[in-house]
Amino acid sequence: MNTHMDAETLSRIALTSVKYVGAVRFRMLLAAFGSAQAAWAATPAQWQAAGLPPAATAGLAQARQSLVLEQIPARLAQHGVRALTWEDAEYPRRLKELEQAPPVLYVRGDLLPEDDWAVAIVGTRQVTAYGRQVAEELAGFLARRGITVVSGLAKGVDAVAHTAALRAGGRTLGVVAHGLDSIYPTAHHGLAQEMARSGAVLSDYALGTPPDSANFPPRNRIISGLAQAVVVIEAGERSGALITAGFAAEQGREVFAVPGPIYAPNSKGCNMLIERGAHPLLQFETLLKVLNLETMDSNKDARQALPADATEAALFGLLGAEPMHLNEIGARAALPIAQVSSTLTLMELKGLVRHVGGMAYVAARELGASYG
């Protein structure tokens, strides 16, 4: 594992290792000081002047006294972990598009371009036989079609989904709420190792961060951010899965919920989501149809020379050398954003379009008039 890191990356890791410095405050520091390196070298008075509250300022001052930046690469390598920043090509594209994308993403395993096609499966830790069956069958269904399964490596629905995806020979990503020098729950250590060989385990928490209860709700924004859709299989009225569904809706992802008996505690959250507008998941094929992923069986052969259908042709016709935002593309094409996003992802793998950051796209090359 390459242990070389430049000073800017090391400073970014150091800054975001502080408990009170997340994506929003990190961007604030970047705006104030111009670089992570300059922000790390600033005085506590300058941090406060930039807008950091006292708790964050104190935490940052303490971190600067205790952290030796030069030791960070070796410590990451010791645990088989890499640190990705927004500038790294491997940093997930869908996550990078978010306003609160994690400044540093810690990864054990590999992230691949095909992970752009991903569905998150979440739900209760106290899964019933019904929920287990749905989670197993759905994760296997998606994995066999080349769609990456994302979840939170927790007990219950999460673990069932990860395991089923692996058994089907697919890829799966697990987002945890602690540093990657440990695995919580400890019973999932073996599962995490297997996932790192056929996907990845990820976190935006620095090494050494314990699995405090306060860490779990914020990490759910990463689970939804990595995916095109979130499926809630079983959830009580106060389930963390509902937080993930809320993040998904804010991020423009599709939300599906598995309906259940109206008297079942584990179905109350799902039924409530459906009542509020989530897609009821009655057939797995509906999920593919809504996300425009019905051709995913052949996604590994997706690098073709021409648009595959009228939708691709229409989107390609809208794009030129000037970047166009995803929302504008959807408005001009009069198509749902989820369909536009998934189609552009497929077109990017074909080499037809390029994502240039900030949810904007350009045409990657010109086509002849042979498409009919």
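Couple of notes before you dig in:
- Summing charges over neighbours of G152, with a neighbour being any other residue whose Cβ is under 11 Å away from its Cβ, gives +2 when K and R count +1 and D and E count -1.
- Highest-first packing order for the peptide set 25-36, 146-157 is 146-157, 25-36, based on the mean count of other beta carbon atoms within 10 Å.
- Only helices enter the 222 nm calculation for the chain: every DSSP H run of n ≥ 4 contributes -39,500 (n - 2.57), and dividing by all residues gives -12500 deg cm²/dmol, rounded to 500.
- Ranked by how many other Cβ atoms sit within 10 Å of their own Cβ, fewest first, the residues D181, D158, D116, D212 fall in the order D212, D181, D116, D158.
- Each of H279, H178, H189 was scored by other Cβ atoms within 10 Å of its Cβ. Arranged with the fewest first, they read H189, H279, H178.
- Rg/Rg_globular for region 87-200, with Rg_globular taken as 2.2 N^0.38 Å and Rg from C-alpha atoms: 1.02
- Most tightly packed first, judged by the mean number of other beta-carbon atoms within 10 Å of their residues, the peptides 197-208, 62-73 read 197-208, 62-73.
- The mean sequence separation of alpha-carbon pairs under 8 Å and at least six residues apart, normalised by the residue count of the chain, gives a relative contact order of 12 percent.
- Volume per residue for region 302-363 equals 70 cubic angstrom (convex hull of Cα atoms).
- Computed from the Cα positions only, the extents of the chain along the three principal axes stand at 61, 56, 38 Å, in decreasing order.
- Relative to its Kirkwood radius, the Cα radius of gyration of region 116-264 gives an Rg/Rh of 0.93.
- When only Cα pairs below 8 angstrom with a gap of at least 6 residues are kept, region 302-363 shows a relative contact order of 44 percent.
- Normalised by 2.2 N^0.38 Å, with N the number of residues, the alpha-carbon radius of gyration of region 1-83 equals 1.08.
- Between region 9-86 and region 313-368, the C-alpha centres lie 35 angstrom from each other.
- Between A49 and A129, the distance separating the two model label sites (each 7 Å from Cα on the Cα→Cβ line) works out to 6.8 nm.
- Spatial extent of region 31-126: Rg and Dmax, with the Cα atoms as the point set, Å: 17.1, 48
- Residue with peak Gaussian network fluctuation, the chain [Cα springs, cutoff 10 Å], from V290, V107, V230: V290
All of the numbers you see were taken from the coordinates with simple rules; none came from a lab. What you are looking at is a predicted structure, and each value in this text was computed from that prediction instead of being measured. When we count neighbours, we look across all protein chains shown, and the Cβ atoms used for this are built from the backbone with ideal geometry, even at glycine.
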